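A short worksheet on the structure shown next.
The values are calculated or read from the model by the stated rules, or taken from the named source; none is laboratory data. Everything numeric here is computed off the predicted structure, so don't read it as measured data. Neighbour counts are summed over all protein chains in view; Cβ atoms, including those assigned to glycine, are modelled from backbone coordinates with ideal geometry. Areas reflect the complete protein model, heavy atoms only, side chains present, ligands, DNA and RNA absent. Shrake-Rupley method; radii C 1.70, N 1.55, O 1.52, S 1.80 Å.
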Amino acid sequence: MRRTSSLVFPLCILKCIGFALTICIVNKHEEGNGGGLVDRLQCSNVTLQTIFNETADSVRSILIFNSNLRYIPERAFARYAKHLQSLNMHHCRINDIHLDGLGSLVNLRKLGLPNNNITRVREAWFKDLVYLEQLDLSFNRIDIIEPVIFEKIPLLKRLDIRENRLACLEPSTLPGGVDKVYFSGNPLTFKCRGKLTLWMRDHGVNYVDGESEKEAWVDKLLWLCAIGDTSVAESEVSMKECIILNLFNQFRTGLEKSNSTIDQCAPERHQLTSCIAAENRHQLTNGNVIKKLLFYIRQTKMN
């Protein structure tokens, strides 16, 4: 009997702690761009039912984090639609949203769904978000963004899709007024990355952040390959070969400037191209090419 009582007390403590960690409060939050102070509903370690039970319908901003939401049901935030302008749900394990899950949010300007488990971004989610200006989908598992999405949100200015699984993002689908697109950490093909970054450069779209700045030199090579021969720009294989040859030539130029002997480099260039293409036929990404090239250079220097 004593043993049972001794277990009950710790369980009560754990239950109380869990309850205490479930937090949902309304506070004042400063909006960017001179928006002033607005009411923000801030919740952590909650279920959607906890949020639905809140009475502050007039909040203009909702922030939910460190929760286990998983699925956003139909018209989940409709009661806040009249005033809601910013909705951010991060680290909430969201893997899907009802096709009308964001329905009626006609005044929403900012939507953030970072650090979740989303794999596909659907057109239907955005049918009512006609005034959306900022969309953050970073750090998910997205491999498909339905291209017609951007027709639904013509006022979009900032798109963040960093650290996902996208092989391509077609620039012609992006809204004309977009001025920032961050996409580092996606396995974009050479062909797609070259086309995308060249379009962004020509349209004044900023895509360089702290991470992607390290890869900016790759884009310059891609542009050279695409501009030098338009047929190369239409072939992924040709773009890969062009990048590899350019990297090799840059390395050779470096050796020339350091007065090193490079007579044997010419045949090795063709060997390098064939070697990389053969060993990475199904996984030849930007990173793999650079890694393989540097490994080859290191082996050559050791020998």
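Side notes on the structure shown:
- Computed lengthening from Lys157 to Leu245, 0.36 nm per intervening residue step minus Cα-Cα distance: 28.0 nm
- In nm, spacing of pseudo-spin labels at Asp229 and Ala56 (7 Å Cα→C-beta vector): 6.2
- Put simply, the Cα atoms of the stretch 23-188 extend 43, 32, 25 Å along their principal axes, the longest span coming first.
- Whole-number accessible area per residue in Å² for the stretch 23-188, which is evaluated in the context of all protein chains at 1.4 Å: 45
- Within the accessible area of the stretch 106-161 (1.4 Å probe), percent carbon and sulfur: 46
- Length gained on full extension, Asp209 to Ala167, computed as 0.36 nm times the residue gap minus the Cα-Cα distance: 13.2 nm.
- Here the spin labels are modelled as points 7 Å beyond Cα on the Cα-Cβ line, and at Asn117 and His83 they lie 3.4 nm apart.
- Model label points for Arg201 and His98, set 7 angstrom from Cα along the Cα-to-Cβ axis, are 4.7 nm apart.
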